[in-house]
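Below: one structure, written as C-alpha cells.
The values are calculated or read from the model by the stated rules, or taken from the named source; none is laboratory data. If you're wondering where the values come from, they're calculated on a predicted model, not measured in any experiment. Counting neighbours? That spans all protein chains shown, and the Cβs are built from the backbone with ideal geometry, glycine included.
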Amino acid sequence: MLKQTQGNKGTGELQLVIFQLGNEEYGIDILKVQEIKRMMEITRVPNAPPFIEGVINLRGQIIPVLDLRRRFKLTAGERTDNSRIMVVNVGELTVGMIVDVVLEVISLPVEDISPAPSIVTGVNSQFLDGIGKVEERLLIIINPQRVLEVTELDELQELTEDITE
C-alpha cells in the first residue's frame, strides 16, 4: 500500500509526482521515481509485449520503456515536446514509462486518498493505489508494482538480459 512520510504536524503525507495522460491527472509515489527524462531514441525490440515501446540506454543500463497509454488501454496520443519518460523502480527492475507531461510534485495528506473504485476512467483498478483529492482535482494514484504482472516483469528482465549479453 502507500508509503507515507511524516509531515510537519505529524500527519501522514505522500509525496507524488503528478503527470498527465490525455485529460486525466495521475500520481506516483516520488520514492519510486528515479528520474524524469525528455523523450529520446527508443530502440524497438522484436517479440516484446504490445505496450512495450522498446528499450533505451541510460548511462550504460538497458531499460525497457512502456507506453502507459497502451498499458492502460487508453486512446493513443501524439508525442509532443512535453512528453517524458519517467524512470521508475518496479521491484528489482528499472523501467521507463512514457507520459504526456509531468506537471508537478505535491505532498498529499494520506487522509485525502480514497480507495480506488473498480473502474476509473477506463484504467483497471488493479494498477491503482487510490484516488487523491487536491482541492477540486482528483488524482489517480498508480502503483508501479502493479502496472506489470509477475510474468511480464520476468519477460522484461529476460529481454534486458538478452540485450546486454
Checklist entry - Any idea which residue in the range 78-90 is modelled with the lowest pLDDT, counting only those that are out of contact with any helix residue (DSSP H, G or I) (no Cβ under 6 Å at 6 or more places or on another chain) and either of a type outside the set (S, T, N, Q) or crowded, with 21+ Cβ neighbours inside 10 Å (or both)? => result Glu78
Item to check | Criterion (within 20 Å of Leu128 (Cβ to Cβ), surrounded by 14 or more Cβ atoms within 10 Å (Cβ to Cβ) and touching a helix residue (DSSP H, G or I) at 6+ places or on another chain (Cβ under 7 Å)) met by exactly one of Val55, Val99, Val45 | outcome: Val99
Checklist entry - Quick one: would you say Gly96 is of a type in the set (Gly, Ala, Ser), within 15 Å of Leu156 (Cβ to Cβ) and modelled with pLDDT of 90 or more? => result yes
Item to check | Pairs, first within 16 Å of Glu35 (Cα to Cα) in the range 46-67, second aromatic (Phe, Trp, Tyr), C-beta under 9 Å, six or more apart | outcome: Leu66/Phe51
Next on the checklist: Testing Asn8 on (1) of a type outside the set (A, V, I, L, M); (2) closer than 20 Å to Ile140 by Cα; (3) at pLDDT below 95, one condition comes back false. Which one is that?
Outcome noted: (2)
Item to check | Per-region count, the range 97-116, residues small (Gly, Ala, Ser) and in a strand (DSSP E or B) | outcome: 2
Checklist entry - Does the range 121-129 include one or more residues that are loosely packed, with under 14 Cβ neighbours inside 10 Å, under 14 Å from the mean Cα position of the chain (by Cα) and either modelled with pLDDT of 70 or more or closer than 22 Å to Leu74 by Cβ (or both)? => result yes
Checklist entry - Which pairs do you get when a residue that is closer than 9 Å to Pro144 by Cα, found in the range 84-98, comes within reach of a residue that is among the hydroxyl-bearing types (Ser, Thr, Tyr) and surrounded by fewer than 24 Cβ atoms within 10 Å (Cβ to Cβ), reach meaning Cβ atoms under 8 angstrom, with the pair 6+ apart or on two chains? => result Val88/Thr94
Checklist entry - Do the conditions hold for Thr94, that is, is it surrounded by fewer than 19 Cβ atoms within 10 Å (Cβ to Cβ), not acidic (Asp, Glu) and not in a strand (DSSP E or B)? => result no
